[in-house]
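**Q** Please find one structure pasted underneath; my questions will follow.
The values are calculated or read from the model by the stated rules, or taken from the named source; none is laboratory data. These numbers come from a predicted model, not from an experiment. Note that each Cβ is placed from the backbone with ideal geometry, even for glycine, and that neighbours are counted across all protein chains shown. Heavy atoms of the whole protein, side chains included, go into the accessibility calculation; ligands, DNA and RNA do not. Shrake-Rupley method; radii C 1.70, N 1.55, O 1.52, S 1.80 Å.
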Amino acid sequence: MKNIIYQSEVVTMENLNNLFIEMTSKFCNQRCKHCYIDFPKYKKVEDFIDVDIIKNGLNDTVKNDIKCIYLTGAEPMTHPDFNVILRLCLKRCDVCICTNGSFINEKKARFLKKVADETTNEIIFKISIDHYEELKNDEIRYRGAFRHGLFALKYLSKYNFNPIITVTNYYNEPEEILCKNFLKVFENYGIETDKAHIHIIPWYDKNSIEMEKFDIHTGKVDCENGRILTSKGVYTCPFLAGDYRGRCGSSLNDYTKKCALETSFCQICLKSKKQIFGIDFKEFAIS
Ligand code: SF4
């Protein structure tokens, strides 16, 4: 039998520019079909990160040129101390809230505007909606998700935010078709946005992706300039948060800058050739 040894590429992080904070690893009100998180089948796990871990993380990285802190999850807005954490992070730099949008109503959008006005740093939103047809979107997310997402976009626009719409291309449609149809829907709902604010990311089933033909690293991957802080320690990226293969250390004071691209998640990043989680500020005109 022929033995084939695959050697994975190793990426060394040069600068920590993107700090992801996993607000909860398993708590989400949507539990989408295509999510990379393996949710417990029956139990509701409320595993929120402690505010002190975040404070220590921010202290440990004072010398780093962090451009953006991303509040991620599962669903970050379920964290009981969400507002405190948001204000804390905004003292440092811009903060991106990566959310399904279901906790954003008019009152919340007004409050977030007030918080944004207290600081010179910016609050950026990444709102997940996966298809321009309500039924197709709700089929993979949950019933009502489409309307929740649109309401969030509408209220955020009303308070002068300009959210990024994150689209996981679950149905594998051409990007131009997705963009065109999303823009039509937004226009019908009176949501002002443009193509530059629609971030389409490919979807691959992590369980069936072919590992034998590992792609060459030619794009930009999140582990090149980011790390994620979780309640269990530091990991390479949101995909590998809590996974021993992505473990970098126990604190941001001392963690490894190297990471071997050897998981099926890495294969997804290599295929997509762009950052899945971080914002490429050159590509997106955030205003
Ligand atoms: S999943 Fe992507 S971002 Fe995470 S370690 Fe692998 S290549 Fe890097």
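**Q** Of all strands (runs of 3 or more DSSP E) completely enclosed by the stretch 209-270, which ones contain at least 1 residues that are free of Cβ contacts under 8 Å to residues at least 40 places away in the same chain?
**A** 233-235, 247-249
**Q** For the stretch 89-124, how many residues meet the condition of being out of contact with any helix residue (DSSP H, G or I) (no Cβ under 6 Å at 6 or more places or on another chain) and either of a type outside the set (K, R) or within 19 Å of C35 (Cβ to Cβ) (or both)?
**A** The total comes to 18.
**Q** N160: farther than 24 Å from C269 by Cβ, surrounded by 13 or more Cβ atoms within 10 Å (Cβ to Cβ) and of a type in the set (S, T, N, Q), yes or no?
**A** no
**Q** Quick one: which residue in V167, V84 is over 23 Å from G190 (Cα atoms), touching a helix residue (DSSP H, G or I) at 6+ places or on another chain (Cβ under 9 Å), β-branched (V, I, T) and touching a residue at least 24 places away in the same chain (Cβ under 8 Å)?
**A** V84
**Q** Against the conditions (1) in contact with a Pro (Cβ under 8 Å, 6 or more places away or on another chain); (2) open to solvent by 20 Å² or more (accessible area, probe 1.4 Å); (3) within 16 Å of the ligand (Cβ to nearest atom), where does H217 fall short? Just the number, please.
**A** Exception for H217: condition (1).
**Q** Consider the stretch 183-198. How many of its residues are in contact with a helix residue (DSSP H, G or I) (Cβ under 9 Å, 6 or more places away or on another chain) and in a helix (DSSP H, G or I)?
**A** Qualifying residue count, the stretch 183-198: 4.
**Q** Further question: Among the numbered criteria (1) within 14 Å of the ligand (Cβ to nearest atom); (2) open to solvent by less than 60 Å² (accessible area, probe 1.4 Å); (3) modelled with pLDDT of 95 or more, which single criterion is violated by R247?
**A** (2)
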